[in-house]
Each structure stands twice: as structure tokens, then as C-alpha cells.
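Each remark here refers to the structure printed beneath this line.
Read the figures in this text as sums done on the coordinates, not as results from a lab. Predicted model only: the values in this text are computed from it and were never measured. For neighbour counting, all protein chains shown are included, and Cβ atoms are generated from backbone atoms with ideal geometry for every residue, glycine included.
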Amino acid sequence: MHAGWSLRSTAGPVPPEIAAVDVPATVPGTVHTDLMAAGLIVDPYLDANEHLLAWIGQADWSYTSTFDWQPDGHDRHELVFAGLDTVATVLLNGEVVAETRNQHRTYRVAVDGRLREGSNDLEVRFGSPVAYADAQSLALGYRPHVNHHPYNAIRKMACSFGWDWGLDTATSGIWKPVTLESWSSVRLAAVRPVVTVDGARGVVDVHVDLERAVASGGAGFGAGSEPGVGGTAGPVTVRATVGDVTQEARVEPGADSAVVQVVVDDPELWWPRGHGGQPLYDVRVSVTGGAGGDASRASSGGDGDGVDATRASSGVDAPGAEASGTEAPTGGGSAGPVLDEWSSRIGFRTVEVQVDPDEVGTSFRVVVNGEPLWIKGANWIPDDAFPHRIGRDRYRERIEQAEFGNVNLLRVWGGGIFEADDFYELCDERGMLTWQDFLFACAAYAEEDPLRGEVEAEVRDNVRRLMTHPSLVLWTGNNENIWGHDEWGWERRLDGATWGLGYYLDLLPALVGELDPGRPYAAGSPWSGSLDVAQSDPDHGSVHLWEQWNRKDYPTYRDVVPRFVAEFGWQGPPTWSAMTRAIHDEPLTPESPGMIVHQKAMQGNDKLTDGLLAHYRLPDEIEAWHWAMQLNQANAVQVALEHFRSHAPRCMGAVVWQINDCWPVTSWAAVDGDGQRKPLLYAMRHAFADRLVTIQPRDGGLAAVVVNDTEEALVGPLTLRRVAYDGRVLASEQVSLTVAARDTVTVPVPSTVAEFGAPESELLVASVEGVTRGLWFPVEPRDSALAAASLSTSVTALAEGSGAGYRVEVTAGSLVRDLALLVDKVDPAATVDEMLVTLLPGETAVFTVASDVAGVGEELVSGRVLRTANELVG
């Protein structure tokens, strides 16, 4: 039902030229995107346009459509809205049939007796989300929140009201599909396959909730009503198939749920990327009229063993359910007509998140199939301010970019949305772990109705929807709310009002336990494991490390050894092409009007400058400034990640803030709002490599730390050298080395190598064959003797069969630090395979540039594109 919609404003501060217009509307869609498509507003992503469009969120809107309907003999008819954003009243033929207040829920609206044969009028009226949030905040009582609008009083994507990386686009709209569903007799209201691994058996308890049709007299099907098409007054059969094993249960009249247990012998285990394969098993569930046959065997390729008995229940229990094993049917057959069907995919795996007391404090460790994982994570935010525009292809591209950065977990942050099925399906297929916050972020939330009822309904909806996914390893109660209450002064301002703790400690874990048993739950992020321990204590559980960015400098990451870092990061601008596409200031400077609109962090530019000056000089020219800030962002995160990894197994993971952006903005992202890689992504790729050699301060000296996150032992000599900037080897030692699988070894650097004669012009090099070498510079670049880069270059087209693009060869005549090709300046769609390469004199680096643009080889080695850290020194 997505055709023929139109949009009109109905109240609010709407410009006259828009107030009188019926606008063609796209469903799924939003007011902003429909007005843009009609040419009535400018793109809010560009320049200072965001501020010109604030009136949209203060206005009321109406979507209208007409559809044709003919009676088809079914008993029940329901309008199904997969997502309404947010304050909506639904009218069918002028009659109110539903009122909704939650963007994160699916609504099924019964329209039996309200449909007209032939033409029907459907209208969805949206009230101003800004006005509603303000009114609800007053009604519920003030509660602390970040940013301007009280987003904590409305169940709408929090960051749609703006964030410290996001623009304020408090839109409205039918943001997910809308359908008219007709059915008879019975339908599958919910299906939850609960998966466990019991030794060599995979056990799937398929929980099925049924909804029965109700006749005009109010009697339920099977209790005296006349069933519609395909109906039967007798029992129904629920059949569940996992792979090629089928089991079924007979459900007697009056019962409304069943649990069908299917056992798969010797299932292939699902593993995270880098640890094994990702086999997925099809699950198919159907409900058929009649009791089914009397077969007594489960099938596995037609010849399986019997499986455990199943049970059916209405409420707690419904005696008389009979179970049998069968071969999967090809049609209705003797079991009667198929009344409803459902399908999904599952994976067999175990998961624990171990938050346990130990000799240091409290661990935070993700364990899959009994194997502890070092989490190489990144935080995920909505990839567009208007999430309906995110399709499967874009999800795939972002996940592939995360994989390029050697990421193995994406944390879906609690100020956004529960992402679309495509996101989690792709993560299942690719072994990308996911961690899902419930949608509470940086605010106190009322625990009274109506908010509490909305919270429970949305959690039930989304836990049921997402619990099939093996990639999902953790539910989390909130983002920073317990921390905020305890350490940001909320407790005094709340003056005894509820603030969400009852959600995080009681309601949410109870719902997860009911609907998704076996999947770990943490009360918040950060989470020390206890309310009695500060959420900022790095010895306990997970922490968010923001002091370094906000008040300190990135070398101070080394002052703390956390157990697990769920957030940390450093800002940098988007790629040059994204920045200049979105901002057209003349002149373009870090402080020009459009640049300030695209810098949302409090004192963001000051923090960028303060974080740069200890390491590099501050350039005056905008392209040099852009490169300096991008490089410093990459350096900061790489320093932190190598430090965290060097302390395994005490520290068992780091989740970078953040992988993606929703628009072109200066932010903490590794991939900008145009979907282009920033240098940070390459720094993550280096620091998250399966095998890592890094040099770290240890016990007053230096040590080489070798990390081996593979299944094979790493054996070979470790070579430690002190090298002058001119390439001379001043001292060298070789140490025999064996690093077991999934292990870390620390080797002190001998004093003969570690004692610098001229720190400003020397470095340490630690190398193991087949692993990217580790480097240590004893002084900051700006305090060093690093000279202007001496480079020789050559560019050739890629060989036939290698795709369109260029091979760029760069040879250093001097020490060159952090060599990069900013290829988006030549072609915004171009990519380069490597970046941030340091070369000793005489060494050569080869880059592969993928680009469909011909004749730009020389531009790739121009000073605008080929950049080094050397140019930021002196």
C-alpha cells in the first residue's frame, strides 16, 4: 500500500507557499524527504540549511491515500504499520482506528467492518514531535537530558533531535512499510526459535503464539464460530522445520501457543569472523487446519530419529497437545490447508558475557562457543538522519568497510533505532557480532505510564524480531544513563523522581529472560557489574573513556588499563570531497559559518586544536588543516588501540566511537556521511590486525608486545633495532619468539637498543616476518628533526583484469611518516588499499587505487593528494 500517497501540512509555522500544497509522498518516507523531492525545501545536509528547516518538526502533517478493496471471504482484516514516526492518528474512511506514540513499534489495526467495497480513504495525521515531547516532558516532570529537546519524553529516535555529531531533523512520516493483511481462522502472531547447543546436539525450541479469528458474536475460532476461507472448527497443527528436520504439534481448540522442539544432531557451529565459518539453518514454521497425520518420526533427509515431545499451552499450559515427527510437507495434504507461514534463519552457537569478580576487579569478556574473544569493535549510529533511505546495499557497504577496518563487533547505540532486518541478516552471514542497546541514551527516563507501557511494547516487538540472529551477542539496558545518574549530577536534579533504573534492573532483564533466554544482558554501557562500583572505574567491567578527548591528550590513554572499553574516540573532519560537497563557504575555514554548523561537539574545534598542538603545528591553509586533523584523529585512535591490545587478557576489547556518520560532519567516525573512508579506518585496520607488533612503555622502559589473534602459533625471531632518521642502524638485537594461538607475548627492549643518543632523530623498529612492524618515536613529531619528505613516484594503470584504477609506487629518499593518498580529491568514488605508511630511506610503498576516472594518474601524486606527516612539522 505504498502508491498514491500525498502529504499536506495541517498546522504549525509552515511557509505559505508550502501550506497550500498537496505534495506527492513516498511511503516509506518522511516529511523532510518528500518536501525535498518536491523541490520545496533545501537539503538539510548542506551549508546552514539545517537551521532553515526547524519549522518542520514544529508542524502537524497529514498523509492521505485511496485504495481499492474487494471482499475476499477472509474473517479478519488488519492494517499493519511497521513504523510510524511518531505521534500519529490513523483514520480509515474518516473514522479514527488507531493512535500511536512510538516510532519503534509495529502496529496492527483491526479494520473488520470498516472497509468499504471499492474505494477506501486512508489518512495518517502526524502531530508535531517537538510539541509532543515538550508537553510530555511537562506532564511527566523534568528529567535531565543532553541537547536541547526533551527527547527522553517521546519514544522517537533520540538523535533525530540532534546530537554532538548529528543534525536536528525532528521529522514525521510513515517510515516503514504499511500493508493490509487479511486472514482467516488462525495466524502466527509470533514465532521465537530459542536455540541452545547441548553437546553434539542443537536444540531449537520454537515458541509459537497463535491468534484466532473472532466471529461477530465474539466466539473464538474452535469455540463455536464459523471459520472463513480454509478454516476448520477442529484443532490446528503447528509444524516447525530446521534444516531438514521437522517436528509438529497439535494445538487443541482454545489454546493459543505451542512450543515445538526440533533437535539437529551434530550441527555446524556459527562463529564470529576470524574464528570460523557462519553456517545458517533455515527455520520454517506453518500452521495448518486440522490435526495432521499420525507419523511418529522426525526426518533428517527423510530418515531421522525421533525427537523429544513438544507441548502446547494457552496461558501457562494446555493439556492435550500431541506431538509427532514428520517429513516436511509439500502442500496441505491430510494436515489441511496452510493458514499461515513464517521463515527465518538461525545459527547454532553459545555465548556468554563474563562480568565476574577476579584478582584485578571485574572482568568483561565475550565468549562464543567457549572461546574468549578480543573484541575489535566499533559503535554504530543510524547511517542516515532519515533511516528509511538505508537499504540492504548500504548496510552491506558499511559492514564491508567495518571488515576492512578488521572490526568484529558493531555496537548499535541506544540513541538511534533498532536497525532493519537487513543489517542483522548481513551480520549473521558475515560473522559480524552485534551488540544491541535498548533505546535509552544520555538521559533520565520516567518509569510511569504512558511511557512505561510504550517501553514494554517496543521491547517485546524488537526482542521477538531480533532474537533469531546468532550475530547478536548482547542486549544492553542503556547508553550512559547509570553513569550519568551517578556522576553527572542527575541525582540532585531529579529530587526523587524515577529515572529509568527500574527499566535497566527489572523490566528489561525480565523481558529478555522471557523472550530471549540465554542471550546475555548488561544493565548499561558503561557497566561496572554493580551499582556499588563506579561506572567509570577501569578495573571493573566496561568503561567509556572520554577524558582524553575532552580534557587531556591521547598519549594519556596509556595511563589506564581498562578491562573493556565500550566507547572512546577522537574527532576529525570528513573526507575533503564530502566536506566541500556539503559546505560552500567562501572562504572556507575551520570557523566559517557552514563549518561551524557541521561541527556539533561542544567546543569541538577548540578540542581539535588543543589535541593537535602537542604533536603537530597548526596549519593556516584549509587543506593542510584538514589533513592535520584527519591524521591526528587516526594517530590518536591507533595509539589507544595498540595500548589496549597490548594488555590482553586483562583488557579484552575496545569499541571505537564510531564507525559511521549520518551526514557530512566533523565527528569521531571512520567512514564519513558520504560513505567514504577516512584515514582513521586505516589506523583501525592496522591496530586491529590479527597479528600485531607494537612497542609500548613498560615498567620505566620499553617493550615489544606481539599479539597473535589467530589459530596458528607465531614463531620466528623478533628483531629490535634503533635506527637514525637517515636510515643508519645504530643498534640491533634479535630475540627468539613463540606466540601461541590467541595469545600475547611481551619482550622488554634491551637497554642497548632502547637508549637513545639523539631522541629527536632516532626511532625504534620491532619486526617479525610476515607482520607489520611496530615503531616507536621517543619525541613528538613537532619536536623531532623530521625533514620535508623526499619522494620519487610513478603511476601506471592497473594490469588488465585487475579492474579500473592505478598502481602508485612511492619511494622515500628520507624518513617519511604516515604517507597517505587522499584519493577522494581526484574521484569521490575512488578507494585506496593502504594508507598511513611510514618509510625508512630507500624503502618503497605500492598503493592500488580503484577508480573509474581516466587520466588522473599525475593528480594522484600531486601535493594535494599525496600527503605525509612531514609537512606538519617545523
For this session: With unit charges on the beta carbon (Lys/Arg positive, Asp/Glu negative), name the residue among 660, 756, 2 whose Cα is farthest towards the positive pole of the charge dipole of the chain.
Result: 756
Exercise. For segment 92-107, what does the Karplus curve 6.51 cos²θ - 1.76 cosθ + 1.60, with θ = phi - 60°, yield as ³J(HN,Hα) per residue in whole Hz, taken in order and with x for Gly and Pro?
Worked result: 10, 6, x, 10, 5, 10, 6, 10, 10, 9, 8, 5, 9, 10, 9, 10
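Within 10 Å of each residue's Cβ, count the other Cβ atoms and sort 549, 570 from fewest upward. Before the final figure, lay out each step's value.
On the way: 549 23, 570 26.
Going from least to most buried by this count: 549, 570.
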Exercise. In a solvent-free Debye calculation with one equal scatterer on each Cα, what is log10 I(q)/I(0) for segment 791-872 at q = 0.10, 0.17 Å⁻¹, listed in the order of the q values?
Worked result: -0.21, -0.61
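For segment 691-783, build the convex hull from the C-alpha positions and give me its volume per residue in Å³.
Numbers: hull volume 8.8 nm³, N = 93.
In segment 691-783, the Cα hull volume divided by residue count equals 95 Å³.
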Exercise. Going out from 0 in 10 Å bins, what whole percent of all Cα-Cα distances in segment 527-654 drops into each bin?
Worked result: 12, 37, 28, 17, 6, 0
Problem set entry | For residue 722, net neighbour charge (Lys/Arg +1, Asp/Glu -1) across residues whose Cβ lies under 12 Å away | -1
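When the chain is fully extended, how far beyond the present Cα-Cα distance does residue 114 get from residue 70, taking 0.36 nm per residue of separation?
Working: separation 44, 0.36 × 44 = 15.84 nm, distance 1.25 nm.
Length gained, residue 114 through residue 70: 14.6 nm.
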Exercise. Put a dot 7 Å past each Cα toward the Cβ at residue 752 and residue 798; how far apart are the dots in nm?
Worked result: 4.7
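With charges only on Cβ, +1 for K and R and -1 for D and E, what is the dipole size of the chain about its Cα centre, in debye, rounded to 20?
Values: 66 positive and 122 negative charges, 151 e Å.
It comes to approximately 720 debye.
Can you tell me which of 517-528, 856-867 comes out highest on packing, and rank the rest after it, using the mean Cβ neighbours within 10 Å?
Values: 517-528: 22.4, 856-867: 17.4.
Top to bottom by mean Cβ count within 10 Å: 517-528, 856-867.
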Seminar exercise, completed: Here, residue 48 and residue 864, labelled 7 Å along Cα→Cβ, have an inter-label distance in nm of 2.7
Exercise. Once the mean 1/r over all distinct Cα pairs of segment 6-180 is inverted, what Kirkwood radius in angstroms do you read off?
Worked result: 17.1
Problem set entry | Proximal lysine pairs, the chain, alpha carbons under 27 Å, eight or more residues apart or interchain | 14
Exercise. Residues with amide H under 5 Å of residue 618's amide H, sequence separation 5 or more or different chain, H placed in the peptide plane at 1.01 Å from N; which?
Worked result: none
Seminar exercise, completed: The answer for residue 441, listing residues at least 5 apart or on another chain whose modeled amide H is closer than 5 Å to its amide H, is 479
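Which value results when the Cα radius of gyration for segment 763-824 is divided by 2.2 N^0.38 Å?
Details: Rg = 15.7 Å, N = 62, 2.2 N^0.38 = 10.6 Å.
Working it through for segment 763-824, the quotient is 1.48.
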Problem set entry | Assigned charges on the beta-carbon of Lys, Arg, Asp, Glu; segment 691-783 dipole about Cα centre (debye) | 80
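Kindly state, to the nearest 0.05, the FRET efficiency for residue 610 paired with residue 514, given R0 = 41 Å and r defined as their beta-carbon distance.
Numbers: r = 49 Å, r/R0 = 1.19.
With a Förster radius of 41 Å, E is 0.25.
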Exercise. So what's the projected area for segment 24-115, the Cα convex hull averaged over all directions, in nm²?
Worked result: 7.3
Exercise. Stretched out fully, how many nm does the piece from residue 492 to residue 397 gain, at 0.36 nm a residue minus the Cα gap?
Worked result: 29.7 nm
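Fewest first, what order do 7, 730 take by the number of other Cβ atoms within 10 Å?
730, 7
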Exercise. What value, in deg cm²/dmol to 500, does the helix sum -39500 (n - 2.57) over DSSP H runs of n ≥ 4 give at 222 nm once divided by the residues of the chain?
Worked result: -5000 deg cm²/dmol
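How do the peptides 471-477, 96-102 rank, highest first, by the average count of neighbouring beta carbon atoms within 10 Å per residue? Mind showing how you got there, number by number?
Working: 471-477: 23.9, 96-102: 17.1.
Those peptides, ordered most packed to least, come out 471-477, 96-102.
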Exercise. In nm, to one decimal, how far is the residue 829 label point from the residue 769 one, both placed 7 Å along Cα→Cβ?
Worked result: 4.3
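Fully extended, how many nm does the chain gain between residue 457 and residue 3 (0.36 nm per residue separation, minus their Cα-Cα distance)? Can you show the working numbers first?
Working: separation 454, 0.36 × 454 = 163.44 nm, distance 2.92 nm.
Length gained, residue 457 through residue 3: 160.5 nm.
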For this session: Could you please state, rounded to a whole Å, how far the C-alpha centre of segment 419-433 is from the C-alpha centre of segment 181-198?
Result: 21
Problem set entry | For segment 74-148 versus segment 615-692, the gap between their alpha-carbon centres in whole angstrom | 42
Problem set entry | Listed residue (135, 269, 727) projecting farthest to the positive dipole end of the chain, Cβ model | 727
For this session: List every residue whose amide H lies under 5 Å from the amide H of residue 667, counting only residues 5 or more places away in sequence or on a different chain, with H placed 1.01 Å from N in the peptide plane.
Result: 572
Problem set entry | Sites residue 586 and residue 730, calculated FRET efficiency, Cβ-Cβ separation with R0 30 Å, nearest 0.05 | 0.05
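Order by neighbour count: 777, 423, fewest other Cβ atoms within 10 Å first, most last.
Numbers: 777 19, 423 27.
Ranking 777, 423 by Cβ neighbours within 10 Å, fewest first, gives 777, 423.
About the Cα centre, and with charges only on the beta carbon of Lys, Arg (+1) and Asp, Glu (-1), how big is the dipole of segment 500-589? Nearest 20 debye, please.
Numbers: 6 positive and 12 negative charges, 48 e Å.
Dipole of segment 500-589, to the nearest 20 debye: 240 debye.
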Problem set entry | Kirkwood Rh and Cα Rg combined as Rg over Rh, evaluated for the chain | 1.00
